[in-house]
Structures are given as structure tokens and as C-alpha cells.
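Visitor: One structure is given below, represented as C-alpha cells, and several questions about it will come after.
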Amino acid sequence: MSLPGTRTRSRLAAAALLPLLALTACAGPDDAGGAGAGAGASPAPTGDPVAAVRKVASVAALLPAGVRASGTLRVGSAVGAPPGAYYPQGAETKKPVGQDIDIADAVAKVLGIRLRRQDASFETILPALGSGKYDVGTGNFGVTAERLKTIDFVTYINDGQGFAVRQGNTALGTKVTGLTQLCGLTIGTGAGTTFATTLAAQKGVCAEAGEKPYDVKVFSENGATVTALQQGRIDVVMSTINGLRYQAAQPASRTTFLGEFHRLDVGFAFTKDSPLTPAFQAAVNELIKDGTYARILQKWGTTASAIDASRINPPEHQS
């Protein structure tokens with residue numbers, strides 16, 4: 001769910017795949033964990049649930065005085081795959097669309113500010129927050145115990161980690177419930193994601209089970225991951241639940257979703273102790289209260305991942 005430094009060339013290459021393969025979210029991705037998996041995108045759904053959103057003075061007042069004065073925030077945005085954030089097929093202007101884009105835009109309207117969005121590869125955004133390059137990061141960033149050491153999060157959805165294979169591949173059954181099922185296989189996932197971290201941390205489970213270890217191939221682009229799956233260079237993809245579920249619902253993708261593996265809260269990312277978090281939390285909760293949030297998720301087919309209230313730095317889900 002990210003575009004690398006050579007974004008223009010990569011975007012053109014990805015565009016060539018759009019009619020052939022359907023994308024997933026992000027996230028996507030990291031990430032719910034981090035990045036989504038996918039390779040192409042259909043036109044964006046119609047409807048604009050963000051259009052009617054207006055500034056809420058009591059929420060905007062929670063912003064630091066300097067931000068209220070400038071009226072802008074710099075956003076590092078990982079754009080990769082639907083339904084999280086992607087470039088729609090056939091659009092005259094190449095503006096990103098998706099669930100994460102709509103939520104961020106709606107939050108900005110509640111706060112009465114503009115977002116100066118800059119495309120960035122997923123794995124570069126969190127480090128760039130610490131350097132001051134961005135004020136906030138978006139890209140389906142999953143809340144993990146490790147990330148909470150250096151990053152503040154304001155949650156806006158609950159996504160997580162899942163797996164997908166090519167249609168017709170029944171070797172893993174209908175669901176991955178443990179990583180020992182992956183022993184001896186080649187897994188594709190996104191750079192800098194919770195997926196890559198999980199796979200690296202747990203690689204010893206195969207040796208403990210007396211099995212051949214799995215191999216992990218890391219990709220910087222969703223299109224490359226799905227192409228590798230379709231060509232048989234990898235056996236399975238690990239990515240976001242919403243992204244893989246979305247992808248499997250598109251006939252052209254020829255993939256099968258193997259269920260939820262580990263749920264994660266997903267949030268806006270900030271540098272540690274950021275003064276922006278109370279305002280963003282209040283803005284998300286305002287959108288939940290007035291129904292805009294539900295309409296955005298309905299538009300993108302992610303209602304099952306709705307949260308009841310935004311939280312700042314919740315602990316990582318253990319299930």
C-alpha cells in the first residue's frame with residue numbers, strides 16, 4: 001500500500017495492470033498492519049458522504065494555536081489499494097480515493113483545516129514523523145506494542161492481518177489459523193508492515209515443528225505482490241483483512257481470502273506526545289456521532305470494521 005520514490009513510473013506501471021487485477025486495501029497497509037495487497041483498481045464508488053461535513057468549533061478549539069493560525073497540516077499518505085487509498089481507474093485527475101482518504105478529509109473539515117497530502121511509500125512515513133517532515137501519517141497503520149514506543153495513534157477503524165491465495169489453491173484449506181500452516185511456502189507481503197514483522201518474529205515456529213521454514217518476499221508495491229501471486233512466484237499473500245476481502249470479491253483478481261488471522265486497531269499516526277491527538281480523536285468521535293463515519297464505511301464496504309469510539313494509543317489486540 002505504498003508508492004516508492006519513483007512514484008510516477010510505478011504509478012504508470014500499476015495503471016497498466018488495472019484492467020487485469022483488482023486491488024485490496026491497504027493498507028493499507030502498513031498497514032493494518034501496514035499495507036494492502038493488490039494490483040489494480042476499478043472506478044471509485046459514487047456518493048460523497050464528506051460533502052456535508054462542517055467545522056465544529058468546539059473540536060477545532062482543541063488544535064494547537066499555531067495549527068489554527070496556519071490552517072494546514074502536512075500529511076504523509078501511503079496510497080496503494082482499495083478500499084483504503086488508491087488511484088481509481090479511468091479518473092481524469094489522479095487524486096487518491098478510498099476509505100482512509102474520506103475519513104481524513106472529513107476530520108479535516110470538522111477541524112476547519114486543509115490537508116497538504118504528500119504521497120509516500122508506506123515504510124518511510126513513520127520515521128518521517130520523527131524528523132518533522134509530516135504532522136500526521138495515514139496508510140492503514142496498525143497499532144502495535146512496538147510502534148507505540150515511538151508513535152502516537154488516534155484510531156478510526158479496526159482491521160488486521162489476513163491471508164489470500166490464488167483461486168483453486170486448496171493447500172491451506174479455507175483459513176490460516178497458525179503460521180505452521182505456511183511452512184515450506186513462499187509468502188509475499190509489504191515492506192515496513194506488521195505482516196513482515198510478524199513473519200520475521202515467528203519464523204522459528206517451523207523449525208520447532210520439524211518443518212521446512214517458510215520464505216518471505218517483501219514488495220514495495222501492491223501490484224507487484226499480486227502479480228507475483230498470479231505468476232506462481234509466491235504461494236500466499238499476507239496483508240490487510242479489508243484489502244484481501246475486497247480483492248477476493250473482484251472476479252478479475254482470481255484470489256481467495258483465507259480469513260482473519262489477527263485483528264488490529266488502525267489509526268492516524270503522530271510523533272510521540274503530539275498535541276494533535278486530542279483534536280483528531282474528538283473529530284473522529286464527532287463523525288461517529290453524526291453518522292458520517294457510518295456512511296463512509298458503507299460506501300467502501302468496510303462496515304464490519306467500524307469502531308464505537310476513537311481511542312488514543314490503545315494497547316495492541318492480543319487475539
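Each reported figure results from applying straightforward, stated rules to the coordinates on display, with no laboratory input. The structure presented is a predicted model; accordingly, all values stated were derived computationally and were not measured.
Visitor: P(r) for the range 139-268, please, calculated from all Cα pair distances in 10 Å bins and given in %.
Guide: Per 10 Å bin, starting at 0, the Cα pair percentages come out as 13, 44, 34, 9, 0.
Visitor: Averaging sequence separations of C-alpha pairs under 8 Å and six or more residues apart, then dividing by the length of the range 194-249, give the relative contact order as a whole percent. Can you show the working numbers first?
Guide: On the way: 20 pairs, mean separation 13.8, N = 56.
The normalised contact order for the range 194-249 reaches 25 percent.
Visitor: Can I ask one more? Rounded, prolate or oblate: which fits the range 220-260, taking a ≥ b ≥ c as square roots of the Cα gyration tensor eigenvalues, rounded meaning a/c under 1.5, else prolate when a/b beats b/c? Don't jump to the answer; show the numbers that get you there.
Guide: Details: a/c = 1.56, a/b = 1.35, b/c = 1.15.
Prolate shape, in that a/c is at least 1.5 and a/b is the bigger ratio.
Visitor: Which whole-number percentage describes the relative contact order of the range 35-164, with Cα contacts under 8 Å and a sequence gap of 6 or more?
Guide: 30 percent
Visitor: Working out 0.36 nm times the residue gap between ALA209 and ALA51, then minus their Cα-Cα distance, what length gain in nm do you get to one decimal? Don't skip to the answer; put the middle values down first.
Guide: Details: separation 158, 0.36 × 158 = 56.88 nm, distance 5.41 nm.
Contour length minus Cα-Cα distance gives 51.5 nm.
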